[in-house]
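Encoded as structure tokens, the structure appears first; notes follow it.
The values are calculated or read from the model by the stated rules, or taken from the named source; none is laboratory data. Predicted, not measured: the structure shown is a model, and the values here were computed from it. Cβ: placed from backbone, ideal geometry, glycine included. Neighbour counts: every protein chain shown. Ligands, DNA and RNA are stripped out before the accessible areas are found, and what is left, the full protein with its side chains, is counted by its heavy atoms. Shrake-Rupley method; radii C 1.70, N 1.55, O 1.52, S 1.80 Å.
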Amino acid sequence: MNREENLKQAKQKGTPYDIILIGGGATGMGAALDAASRGHSVLLLEGVDFGKGTSSRSTKLVHGGVRYLQKGDIPLVMDALKERGIMRQNAPHLVSDLAFVVPNYTWWEAPFYGIGMKVYDALAGKYGFGKSELLSSEETVNRIPTIATEGLRGGVQYYDGQFDDARMLVNMAQTASEQGAHLLNYFEVKGLLKSDEGFVNGVRALDKESGEEHEFKAKIVINCTGPFSDSVRRMDNADAKSMIAPSTGVHIVLPAEFLPRGTAIMVPRTTDGRVLFAIPWHHCVVVGTTDTPVDEVSLEPRATAEEVEFILENARQYLEKPPERKDVLSVFSGIRPLVKAGGEDNTAQLSRDHTITVSKSGLITIAGGKWTTYRHMAEDVIDRAELLGELNPADCVTKRLNIHGYHEHPEKFGDLAHYGSDALAIQQLLQEEGQGELVHPRLKLRVGEVRWMARREMARTPDDVLSRRSRSLLFDAKAAREAAEKVCEILREELRKDQDWVEQQLQDFDEMSLGYLVEELVTA
Ligand SMILES: Cc1cc2nc3c(=O)[nH]c(=O)nc-3n(C[C@H](O)[C@H](O)[C@H](O)COP(=O)(O)OP(=O)(O)OC[C@H]3O[C@@H](n4cnc5c(N)ncnc54)[C@H](O)[C@@H]3O)c2cc1C
């Protein structure tokens, strides 16, 4: 994975690509991986960084969706539970089982949720993660010592999966690259190219690092821009009606002491009728989420003080020591790319919870779905692309395709476990002089890791390092802001940049990262 090399190859490509993908989130990267591993030639263009959009801002669950079970959407839950199993099988270094407890405070909750979770277990079939069980109040407190005990009658324990979304994306990018895909970050698609007959046959894109524009040709172009899908559809047809109904979801991050035993809490019904999770993740606790419809989509949606207060208020009802605003280490917000019912394209097809549309000019758009089902979404959209672009049909192979870093016992690498099989090489790098030094006393990120991210994971900016390749901005927003200068200096050396670049990057990171500080929340 090397940006210069990928750009050189894309510029030198004499014939059109089979497929160009716009957008480097779970949907686009999943599709790149699927298409490249079938043998198609692939170019993926991401306007900022892989995972800059929604795909690094999820609740970090690999799940069937208990919420969909409540709504009775059985096929959707079954599909997601199967994909959950495939994801763990192919990326065991990043996807793990997690025990959840639904705490019960009224008499009907144990039988109600107990039966519901048995159905969840049964739907998973051979992809099951562990059997659900009813817990007494003592057992519930034993698993979650911080749970509010007044009126506690017991709990229902069940299992689901959890992962590190942005690291998964980086490892998927490395896998796609190994399969021959050309991937470019900081490459924004500005327009679509069309043949004399009016069919989309390429893109015009801006290299945000050099300021140069390039044209790339392809037999098929797929729009995988999630919440931004409508803006790309309007490059094709300026009058296209909106198909995305965006809504933001906010999470807060708390210190590990709020869930010390590694068991998560699932609240099936918050004061606004949603599901709320409190999840031990790395060495902290992620709590969320909210659901607020918005008119505008942005790459950095800002959480409001009201949304954070809502999460804290609901969390307080279940925790013995109530979390306060001062406990919040970081706040992050993402936009759901929800697809509106209906739509104007006559080839629109509703496929489970994701939608694939084909415009009259042949632009394919795939939107909706969830992280857990990215592989199945990719299979569907590449099947469609093969048909439409008259590509050589090939079987999808991603059901059994290890993701880069695959390792069955990553825990043996200690705090480098999330790098999976790359941990050995990183360990060696850290032994070199000065490379083992922390970039900040409160962050578990070392100088050598930043170098690795620049050399092997296509990190280009302090945001790429601090937000996604390490999750420092989520673990401790203040510490990440303080570490930016040091990280920038390492990147300057690695990427051979000058002092002006450093100053610009620091200014950009400073502005962007303000949105993660609980002290800087905006009001609605
Ligand atoms: C709050 C929240 C919690 C969630 N939790 C979970 C969960 O726990 N588990 C789960 O399975 N799912 C979860 N989801 C759903 C999941 O995160 C999303 O479905 C998924 O990440 C969407 O991926 P995407 O690739 O479609 O969109 P994105 O990740 O937003 O990717 C789109 C990309 O397109 C790029 N782009 C836009 N315009 C252009 C252009 N012109 N040129 C080039 N690139 C462009 C953007 O920069 C962006 O990186 C959650 C979603 C939200 C909002």
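Annotations
- Listed conditions (1) at pLDDT below 95; (2) open to solvent by 60 Å² or more (accessible area, probe 1.4 Å) are all met by Tyr120, apart from (2).
- Counting only strands (runs of 3 or more DSSP E) wholly contained in the range 312-358, the ones carrying 1 or more residues that are away from the ligand (no atom under 16 Å from the Cβ), open to solvent by less than 80 Å² (accessible area, probe 1.4 Å) and modelled with pLDDT of 95 or more occupy 354-358.
- Checking each residue in the range 362-389 for being more than 19 Å from Ile244 (Cα to Cα), open to solvent by less than 10 Å² (accessible area, probe 1.4 Å) and over 19 Å from the mean Cα position of the chain (by Cα) picks out Ile382, Ala385.
- The strands (runs of 3 or more DSSP E) found entirely in the range 128-187 that carry 2 or more residues being within 16 Å of the ligand (Cβ to nearest atom) and under 21 Å from Val285 (Cβ atoms) are 154-162.
- Taking the range 457-524 and the helices (runs of 4 or more DSSP H) fully enclosed by it, the elements with 1 or more residues that are polar (S, T, N, Q) and surrounded by 16 or more Cβ atoms within 10 Å (Cβ to Cβ) are at 472-475, 499-513.
- Considering the range 1-108, the qualifying helices (runs of 4 or more DSSP H), each wholly inside and each with 3 or more residues that are open to solvent by 10 Å² or more (accessible area, probe 1.4 Å), run over 3-12, 66-70, 74-90.
- Considering the range 54-89, the residues that are more than 12 Å from Leu123 (Cβ to Cβ) and aliphatic (A, V, I, L, M) include one that is nearest to the ligand (Cβ to nearest atom), namely Leu61.
- Given (1) near the ligand (Cβ under 10 Å from one of its atoms); (2) touching a helix residue (DSSP H, G or I) at 6+ places or on another chain (Cβ under 6 Å), number of the condition Lys190 does not satisfy: (2)
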